[in-house]
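The values are calculated or read from the model by the stated rules, or taken from the named source; none is laboratory data. This is a predicted model, so every value here is computed, not measured. A quick note on method: Cβ atoms are made from the backbone with ideal geometry, for glycine too, and the neighbour counts reach across all protein chains shown.
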Amino acid sequence: MSTVLTTSDLPPGVMGNRQVPERRGILYIISAPSGAGKTTLCKQVVASVSGLWHSISCTTRKPRPGEEHGREYFFVEEKVFHDMVAKNEFLEYAHVYSNWYGTPRKPLADKMEEGIDVLLEIDVQGALQIKKQFGDAVSIFILPPSMDILRARLQGRGSDSQEEIARRLQKVKDEVWCLREYSYIVRNDDLRQSLCELQSIFVAERLKTNRTDMQQLEQSFLFEKDATMADRTPSSTV
């Protein structure tokens, strides 16, 4: 049986308390079809990985039961949304399933400049727009085990009509053609295993050399070596 990692189980310095070289925050993009378990996985990743901020999007759709303004989304009126578009306050925005969705620009950019990693839940259309602006973003697509299981999950939610379910299932087929644009694919057969795989992606990306201040790292070891050699070299006497 797979075991879900917590921060204390992970390598020191990756998600623990050890000081790491300063760097710009990493942008993680996660997309998935409705019913694939994306929201649950994202919440658990944010809870188990330190130094990660969950970006909140704006939407004009109405809240579903249990959703709260400022937690799952910022729920705004369509006029407010379009005013934000006119002020260039979104990194990207799109019309999806008869509603508008947008990613606020300033909070995300501010967190990354502070060296905080950002997790962004977004649909494929928005993800492709964001990737053009952030070439080093880490994109992850979460797939359901199968179309049959996804259909059963959507029907089990009881919140969508049969026409809406059929439209969402067709959208999955359309999105499959974009999978090659993503850095990673996680197939959500088992929630615990999928969470472990997502955590592994976060660990690996933080350890990449191109995200590390290599000059600082190299100099710290080189200077240490030079100091050690000097201590071992006998001083000359006259």
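Figures for the structure shown
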item	result
Counted residues, region 171-192 - those being in a helix (DSSP H, G or I) and under 27 Å from Ser98 (Cα atoms)	9
Identity of the residue in region 77-96, surrounded by 15 or more Cβ atoms within 10 Å (Cβ to Cβ) and in contact with an Asp or Glu (Cβ under 9 Å, 6 or more places away or on another chain), that ends up modelled with the highest pLDDT	Glu89
Those residues of region 134-167 which are of a type in the set (Asp, Glu) and either under 24 Å from the mean Cα position of the chain (by Cα) or assigned to a loop (DSSP other than H, G, I, E, B) (or both), in sequence order	Asp136, Asp160
Leading residue by the ranking (modelled with the lowest pLDDT) among those in region 21-33 that are assigned to a loop (DSSP other than H, G, I, E, B) and surrounded by 22 or more Cβ atoms within 10 Å (Cβ to Cβ)	Pro33
Ser194 vs. criteria closer than 20 Å to Thr39 by Cα, among the hydroxyl-bearing types (Ser, Thr, Tyr) and in contact (Cβ under 8 Å) with a residue 60 or more places away in the chain	yes
Residue within region 57-79 that is within 20 Å of Ile30 (Cα to Cα), of a type in the set (S, T, N, Q), part of a strand (DSSP E or B) and in contact with a Gly (Cβ under 7 Å, 6 or more places away or on another chain) present	no
Inter-residue pairs, beta-carbon under 9 Å, first in contact (Cβ under 8 Å) with a residue 40 or more places away in the chain and in region 94-116, second part of a helix (DSSP H, G or I) and among the β-branched types (Val, Ile, Thr), 6+ apart	Trp100/Val85; Gly102/Val85; Thr103/Ile130
